[in-house]
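Each reported figure results from applying straightforward, stated rules to the coordinates on display, with no laboratory input. Just so you know, these numbers come straight off a predicted model, no measurement behind them. Note that each Cβ is placed from the backbone with ideal geometry, even for glycine, and that neighbours are counted across all protein chains shown.
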Amino acid sequence: MTNPVPYGTINYSEKTNEVIDMTVYVKDASKSVLSGLSKMKAAMIEDYAKFMPPTKSDTTAKMNAEYVDKFDIRYGNKYIKIVQKDGGVKAFVVGVDNDKKFKKGDILLPAGYNAPARNFARGNILDGDYTIAWTGALYAGNTPR
């Protein structure tokens with residue numbers, strides 16, 4: 001069973017009606033980095049709401065509000081860092097046109113707090129057509145972290 005949501009679909013188990021797919025597919029392209037970051041942030045927040053349904057209890061509603069409030073986007077010279085205040089780096093986005101390996105808007109997995117893994121892009125916020133989880137950029141094979 002599936003349920004359409006703004007950036008993709010949520011898949012549910014036929015027997016238990018529980019969510020079985022914990023990522024959100026962002027299909028729409030963006031004309032600007034700001035618009036792409038907005039869609040990426042919305043998809044991550046949406047995925048967190050699947051993981052921790054805000055309607056389940058007052059506690060989960062509070063946890064959803066805290067996830068949204070602690071979400072932060074920091075702009076550097078080459079990269080845009082997506083962070084959860086007190087929760088680590090979720091992803092990096094290439095913010096320049098002159099990177100030797102990647103194009104502007106490419107989503108990179110964090111190698112650490114201050115640098116991305118530069119092995120391959122996990123999607124592109126300008127092109128759309130990528131999968132993201134509330135935990136951030138996905139490992140190879142679209143596996144959530």
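Points worth noting:
- Loop chymotrypsin sites (Phe, Trp or Tyr not before Pro), the stretch 87-116 (other Cβ atoms within 10 Å of the site Cβ: 16 or fewer; DSSP): Tyr113
- You can think of it this way: the chain between Ala111 and Lys70 has 12.7 nm of extra reach, that is 0.36 nm per residue less the Cα-Cα gap.
- Cβ-derived FRET efficiency at R0 41 Å, Lys62 paired with Asp99, nearest 0.05: 0.55
- Prolate/oblate/rounded label for the stretch 26-132 (Cα gyration tensor, a/c 1.5): prolate
- Ignoring lysines fewer than eight residues from Lys39 along the same chain, the ones with Cα atoms less than 21 angstrom from its Cα are Lys27, Lys31, Lys50, Lys70, Lys78, Lys81, Lys85, Lys90, Lys103, Lys104.
- Charge dipole (the stretch 26-132, unit charges on Cβ, about Cα centre) - positive-most of Ile132, Ala117, Ala43: Ala117
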